[in-house]
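Comments concern the structure below.
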Amino acid sequence: SLHVGLPKGAVKENAVKVFPNPAAANSTVHLQYATLQENALLQLIDINGKVVQHQWLPAWSQMQNIKLNNLSSGIYLLRISNTGYKGTAKVIVQNE
């Protein structure tokens, strides 16, 4: 029989909404994501794979404002993760 779906223990990838996007370097962006069942780590990762900013998001949250701290212009991966949740979004930073 053909088994369709996620392997046992796999975590489904979730979309994270970020706005405004593109964002200015020292601006605040608003995130929306699926309800977190537990605290989750938010990481902003640059094009070289380096984590340039991180913070914890509280359990049971669905949205959060985050301040972008002195980021260079470019494309960043925003990743939210905990044991049962993984979400990503691409964030474009444009300095004036």
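For the range 11-36, how many residues are within 18 Å of residue 92 (Cβ to Cβ), open to solvent by less than 50 Å² (accessible area, probe 1.4 Å) and either small (Gly, Ala, Ser) or assigned to a strand (DSSP E or B) (or both)?
Here the count works out to 8.
Taking the range 54-83 only, how many residues are of a type in the set (Gly, Ala, Ser) and open to solvent by less than 60 Å² (accessible area, probe 1.4 Å)? Please lay out each step first, then the result.
At the first step, the residues of the range 54-83 found to be of a type in the set (Gly, Ala, Ser) are 59, 61, 72-74, 81.
From what is left, the residues that are open to solvent by less than 60 Å² (accessible area, probe 1.4 Å) are 59, 61, 74, 81.
The number of residues fulfilling the criteria is 4.
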Checklist entry - Which condition number in (1) touching a Phe, Trp or Tyr at 6+ places or on another chain (Cβ under 6 Å); (2) exposed (fewer than 15 other Cβ atoms within 10 Å of the Cβ); (3) under 16 Å from residue 93 (Cα atoms) is the one that residue 39 fails? => result (3)
Item to check | Inter-residue pairs, beta-carbon under 7 Å, first under 16 Å from residue 17 (Cα atoms) and in contact (Cβ under 8 Å) with a residue 40 or more places away in the chain and in the range 30-46, second open to solvent by less than 40 Å² (accessible area, probe 1.4 Å) and in a loop (DSSP other than H, G, I, E, B), 6+ apart | outcome: 31/16; 33/16; 36/59; 36/61
Next on the checklist: Suppose the filter is part of a loop (DSSP other than H, G, I, E, B) and at pLDDT below 95; does residue 48 pass it?
Outcome noted: no
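The values are calculated or read from the model by the stated rules, or taken from the named source; none is laboratory data. From a predicted model like this one, the values you see are computed outputs, not experimental measurements. Quick reminder, even Gly has a Cβ in these numbers, built from the backbone with ideal geometry, and neighbours come from all protein chains shown. These area figures cover heavy atoms from the full protein model, side chains too; ligands, DNA and RNA do not enter into them. Shrake-Rupley method; radii C 1.70, N 1.55, O 1.52, S 1.80 Å.
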